Amino acid sequence: MTLAQKLQEALGAGSGTVVDDLAVLESHAGDKWTANHAPEVVVFAESTDQVGRLLRFASAEKIPVTARGAGYGYVGGCVPVRGGIALTLARMNRIKEISFADAIAVVEPGVVTGILQEQVRAQKLFYAPDPASLKDCTLGGNVATNAGGPRCLKYGVTRNYVIGLEVVLASGEVLRTGGRVHKNKTGFDLIGLFVGSEGMLGVVTEITLRLLPLPPARATLSAAFATMPLAAAAVQAIFAAGFLPSSLEIADQFTLEAARLDCGSEVVPAGNAHLLVDLDGQIESVRLEMASLKQIISSRKPNTLEVATEEAACERLWALRRQFSNSLRATGLTKLNQDIVVPRGRLVDLVEFAERLQVKYGFPIATFGHAGDGNIHVNVMAADYNEDERVRNRVERALDELFQQVLDWGGVITGEHGIGLAKKRWWPEATSDVARQVHQRLKNALDPHGILNPGKFLD
């Protein structure tokens, strides 16, 4: 019997659940990073019971299982590098409950993040995490990578909103931890263990999320400056004045030039650095705070300054920020996105270091991202990356320098994308011997046969 036939028998599944068609295998071979490896079979799970049966079978047969959502990760985290089974959770996409009284949502992992946000918003509730790919990425993927987004400055990341999980372990056992209460100190923080575990400790089949009251007002400020140091100084001035924006984003000259070519110069403010600031809260407080904020930024002599106070107008300003990644890809260069995090006071140092790397290695480096928490996306833009080994080697040397400098500053090599395959070679430098040993002991305890997402940073 083929693996697909054995799985069909083990799962008792209907037609279309277990697939080994070549086109389907290839479509589940990668994500948004460059790595690609086809599985032997794809399983479209539709229930927790099916996931449990699959993992019991895979554990007994010692077959690799790589779980995936929408495939919108940036680090090759869901690439099935050891073949085996690609377990897709896209069909488990029900929003089981939204409770205003309890301020929670209960969802399956295949729910698209943006769809949940829309549905809770309709009930005057708010799900804060907002990764740039929110219209495509799934909540299961967000949990796997502990996804963030611009709003994490004020509101925190995915981990801060997960209060309950149903997880199928490698053995096929179902673990339920947490629940629908907003405070819980019953034993170890098992939720925190699984959030951000990149599919290597278990497969999440249900998520209970904490929701917030929907802020009734919002305002956005867009400002362009002549240089990145001027924009970075404006960031520090905002904090010095006691503001905590919900989002505070920055972008450099190369990113803006790419956006001008892709979106049109009329939608990109004139300048070499861009600052985007969001405030939210009660109507009157947002109005007063934005007036003060506008005054602070005006005193910094920006090239352009625009304020929006209506939802549609705010979203128009944010549309440019959400297009940055696509605009960089539209240059035709290979975009290698590094979501490093530095202490906030190192923002200008990071930009200047990236500029020196550009000169040294001869390819553009675009920097943009979450200025408020130091999580800046440093994008190496390389021509002929996939065709020329010499280019790839130069990129690796540049990244060696980047990551070493970030670590020397007390930063980290990933803030929201994860390690996956893309950053596997830097994992030892980014962690201590003891930390790696603890990771490995946890992995061995929960997945003794090493079947869950093998080939990633713990191998």
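Here is how the numbers come out for the structure above:
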| item | result |
| --- | --- |
| In the stretch 418-459, the residues that are within 26 Å of VAL51 (Cβ to Cβ), in a helix (DSSP H, G or I) and more than 22 Å from the chain's Cα centre (by Cα) | GLN440, ARG441, LEU442, LYS443, ASN444, ALA445, LEU446 |
| Pairs where the first residue, in the stretch 360-372, is under 17 Å from THR331 (Cβ atoms) and the second is acidic (Asp, Glu), C-beta under 7 Å, 6+ apart | ALA366/ASP252; THR367/ASP252; PHE368/ASP252 |
| Sole exception among (1) assigned by TED's automatic domain parsing to the domain that holds THR145; (2) in a helix (DSSP H, G or I); (3) in contact (Cβ under 8 Å) with a residue 40 or more places away in the chain for ILE191, by number | (3) |
| Failed criterion for ARG436 (all others in (1) more than 20 Å from VAL79 (Cβ to Cβ); (2) touching a strand residue (DSSP E or B) at 6+ places or on another chain (Cβ under 9 Å) hold) | (2) |
| Residues located in the stretch 171-197, provided they are surrounded by 23 or more Cβ atoms within 10 Å (Cβ to Cβ) and either of a type in the set (Lys, Arg) or more than 23 Å from VAL120 (Cβ to Cβ) (or both) | SER197 |
| Given (1) modelled with pLDDT under 95; (2) touching a Lys or Arg at 6+ places or on another chain (Cβ under 8 Å), number of the condition PHE225 does not satisfy | (1) |
| Sole residue being of a type in the set (Ser, Thr, Tyr) and either modelled with pLDDT under 95 or within 18 Å of HIS417 (Cα to Cα) (or both), chosen from SER197, SER171 | SER197 |
| Hey, THR2 among the hydroxyl-bearing types (Ser, Thr, Tyr) and surrounded by fewer than 17 Cβ atoms within 10 Å (Cβ to Cβ) or not | yes |
| Flag if ALA422 is touching a Phe, Trp or Tyr at 6+ places or on another chain (Cβ under 8 Å) and in contact (Cβ under 8 Å) with a residue 12 or more places away in the chain | yes |
| Only listed residue being surrounded by fewer than 21 Cβ atoms within 10 Å (Cβ to Cβ), over 23 Å from ASP262 (Cα atoms) and hydrophobic (A, V, I, L, M, F, W, C), chosen from VAL342, VAL348 | VAL348 |
| Subset of the stretch 200-256 [in the same structural domain as LYS294 (by TED's automatic domain parsing), acidic (Asp, Glu) and part of a strand (DSSP E or B)] | GLU249 |
| Leading residue by the ranking (surrounded by the most Cβ atoms within 10 Å (Cβ to Cβ)) among those in the stretch 136-163 that are part of a loop (DSSP other than H, G, I, E, B) and in contact with a helix residue (DSSP H, G or I) (Cβ under 6 Å, 6 or more places away or on another chain) | ALA147 |
| Among (1) among the hydrophobic types (A, V, I, L, M, F, W, C); (2) outside any loop (DSSP other than H, G, I, E, B); (3) over 29 Å from ILE376 (Cα atoms) - the single one ILE115 does not satisfy | (3) |
| Check on ALA101, more than 16 Å from ASN146 (Cα to Cα), free of Cβ contacts under 8 Å to residues at least 24 places away in the same chain and part of a loop (DSSP other than H, G, I, E, B) | yes |
| Matching entry among LEU279, LEU328, LEU336 (being in contact (Cβ under 8 Å) with a residue 24 or more places away in the chain, touching an Asp or Glu at 6+ places or on another chain (Cβ under 6 Å) and surrounded by 16 or more Cβ atoms within 10 Å (Cβ to Cβ)) | LEU279 |
| Tally, over the stretch 47-81, of residues that are surrounded by fewer than 19 Cβ atoms within 10 Å (Cβ to Cβ) and of a type in the set (D, E, K, R) | 4 |
| Condition met for SER325 (of a type in the set (S, T, N, Q) and more than 22 Å from ALA237 (Cβ to Cβ)) | yes |
| Every residue from the stretch 28-80 that is of a type in the set (A, V, I, L, M, F, W, C) and in a loop (DSSP other than H, G, I, E, B) | ALA29, TRP33, ALA35, ALA38, ALA45, ILE63, ALA70, VAL75, CYS78, VAL79 |
| Filter result for ILE451 (in contact with a strand residue (DSSP E or B) (Cβ under 7 Å, 6 or more places away or on another chain) and more than 20 Å from ALA366 (Cβ to Cβ)) | yes |
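Yes or no, residue by residue, for (1) within 21 Å of GLY418 (Cβ to Cβ); (2) crowded, with 17+ Cβ neighbours inside 10 Å; (3) among the charged types (D, E, K, R); (4) not assigned by TED's automatic domain parsing to the domain that holds ASP252:
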site: PHE353; (1), (2), (3), (4): no, yes, no, yes
site: GLY362; (1), (2), (3), (4): no, no, no, yes
site: GLY374; (1), (2), (3), (4): yes, yes, no, yes
site: VAL380; (1), (2), (3), (4): yes, yes, no, yes
site: ASP384; (1), (2), (3), (4): no, no, yes, yes
site: GLU387; (1), (2), (3), (4): no, no, yes, yes
site: ASN393; (1), (2), (3), (4): no, no, no, yes
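To keep it simple, each residue is scored yes or no on (1) closer than 25 Å to GLU166 by Cα; (2) over 29 Å from the mean Cα position of the chain (by Cα).
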| position | (1), (2) |
| --- | --- |
| ALA10 | yes, yes |
| THR17 | yes, no |
| HIS28 | yes, no |
| ALA35 | no, no |
| GLY52 | yes, no |
| ALA60 | yes, yes |
| ALA67 | yes, no |
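The values are calculated or read from the model by the stated rules, or taken from the named source; none is laboratory data. Nothing here was measured: the structure is a model prediction, and the numbers come from that model. Counting neighbours? That spans all protein chains shown, and the Cβs are built from the backbone with ideal geometry, glycine included.
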